[in-house]
Amino acid sequence: MSLPRLKLISFALCPFVQRSIITLLEKEVPYEIEYIDLDNPPAWFHEVSPLEKVPVLLVDDEPLFESMAICEFLDEITPGSLYPEDPFARAKNRAWIEFGNELLGAVYTYSITGEEMGYKQNLMTVRDRLETLDEFFAGGPYFNGEEFSLVDAVYAPIFRMLRCLEDMQKQDVYEDAPEIARWAETLLQRPSVINAVQASYNDDYRERIQSSGSIFAQKADI
C-alpha cells in the first residue's frame with residue numbers, strides 16, 4: 001500500500017509535536033515538516049487547525065489535528081503496531097497516555113506559573129504523579145517491556161522537559177520514582193527521541209523559561 005504525502009505543521013518546542021515526530025521516525029514514514037511561530041502564525045493556519053494548536057498533519061493536503069489522532073493514524077497505515085495486540089492492554093496504554101497528558105500539564109504549569117503557590121502545588125503534583133507511575137511501571141526497559149510503544153512516545157517529551165528543568169534548577173523530581181528515572185534515561189537515549197527536536201532545543205527551551213518571568217525562572221540558576 002502506498003503511503004499518502006505527509007507534512008507536519010509544528011512548533012519547535014511543542015511536546016505534542018515531538019510525540020508525532022517520534023512516531024513518524026519509529027514507523028519510518030517519509031514526511032515533510034514546517035515549523036511555525038505560534039505567537040504569530042501564518043494566515044492559513046486557522047484553516048487547517050480548528051483549535052489553533054500544533055501539531056497538524058497534512059495528509060495529501062487534508063488536515064488532521066490532535067497529536068494522538070495523528071500518532072494512531074500513522075500507526076494504523078504502516079506495518080506493525082506501537083500498541084499491544086490485546087484489547088485490554090491496548091486500553092490500559094491509552095489510559096496511561098491520558099495520565100501522561102495530565103503529568104505534562106503539571107510540568108508545564110510548574111515551569112511557567114508566576115504564583116508561588118501554583119509553583120509549589122504543581123511541583124508536588126509532578127512528584128506525586130511520577131511516584132504513582134513508578135508504582136505501576138512493569139520494569140522496562142520500555143512501558144510495555146521490551147517493545148517501544150506509543151506510551152513511550154508520549155512520555156519521552158515530558159522527560160526531555162524535566163531534564164532541561166533539572167539542569168536549570170536542582171530539583172530531583174524522581175527521588176521517589178527510581179524506576180521512572182531509569183525509564184526516562186532509556187527513552188532519552190533512543191534515536192527517534194533524540195531526533196524529534198532541533199539541535200537548539202535545550203537552549204531555546206531554557207530561553208523560553210527564562211523569558212517567562214516565572215517563579216521557576218526566578219529560583220533557577222540561569
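Scanning the stretch 91-112 for residues being more than 30 Å from residue 75 (Cβ to Cβ) and open to solvent by 20 Å² or more (accessible area, probe 1.4 Å) gives a total of 1. For the condition of a type in the set (Ser, Thr, Tyr) and either closer than 18 Å to residue 100 by Cβ or in contact with an Asp or Glu (Cβ under 6 Å, 6 or more places away or on another chain) (or both), residue 201 does not qualify. Under the condition of being of a type in the set (Gly, Ala, Ser), touching a Phe, Trp or Tyr at 6+ places or on another chain (Cβ under 8 Å) and modelled with pLDDT of 95 or more, the residues counted in the stretch 135-185 number 3.
Restricting the stretch 168-185 to residues that are surrounded by 14 or more Cβ atoms within 10 Å (Cβ to Cβ), in contact with an Asp or Glu (Cβ under 9 Å, 6 or more places away or on another chain) and of a type outside the set (Phe, Trp, Tyr), the residue that is farthest from residue 130 (Cα to Cα) is 168.
Does at least one position in the stretch 23-41 carry a residue that is polar (S, T, N, Q), buried (at least 17 other Cβ atoms within 10 Å of the Cβ) and under 20 Å from residue 155 (Cα atoms)?
Within the stretch 23-41, one or more residues are polar (S, T, N, Q), buried (at least 17 other Cβ atoms within 10 Å of the Cβ) and under 20 Å from residue 155 (Cα atoms).
Looking at 18, 121, which is the one that is polar (S, T, N, Q) and under 29 Å from residue 2 (Cβ atoms)? Only one candidate passes the filter, namely 18. Listed by first and then second residue, the pairs linking a residue in the stretch 32-53 that is touching a residue at least 12 places away in the same chain (Cβ under 8 Å) and of a type in the set (D, E, K, R) to a residue that is assigned to a loop (DSSP other than H, G, I, E, B) and open to solvent by 90 Å² or more (accessible area, probe 1.4 Å), with Cβ atoms under 9 Å apart and 6 or more places separating them unless they lie on different chains, are 32/5. Does at least one position in the stretch 89-108 carry a residue that is on the phi < 0 side of the Ramachandran plot and assigned to a loop (DSSP other than H, G, I, E, B)? The answer is no, given that none of the residues of the stretch 89-108 is on the phi < 0 side of the Ramachandran plot and assigned to a loop (DSSP other than H, G, I, E, B).
For the stretch 186-211, the tally of residues that are open to solvent by 60 Å² or more (accessible area, probe 1.4 Å) and among the basic types (Lys, Arg) stands at 2. Within the stretch 1-47, the set of residues being part of a loop (DSSP other than H, G, I, E, B), under 19 Å from residue 77 (Cβ atoms) and among the polar types (S, T, N, Q) comprises 2 only.
The values are calculated or read from the model by the stated rules, or taken from the named source; none is laboratory data. Nothing here was measured: the structure is a model prediction, and the numbers come from that model. Every residue, glycine among them, receives a Cβ derived from its backbone with ideal geometry; neighbour counts consider all protein chains shown. What goes into the accessible areas is simple: the full protein's heavy atoms, side chains included, and nothing from ligands, DNA or RNA. Shrake-Rupley method; radii C 1.70, N 1.55, O 1.52, S 1.80 Å.
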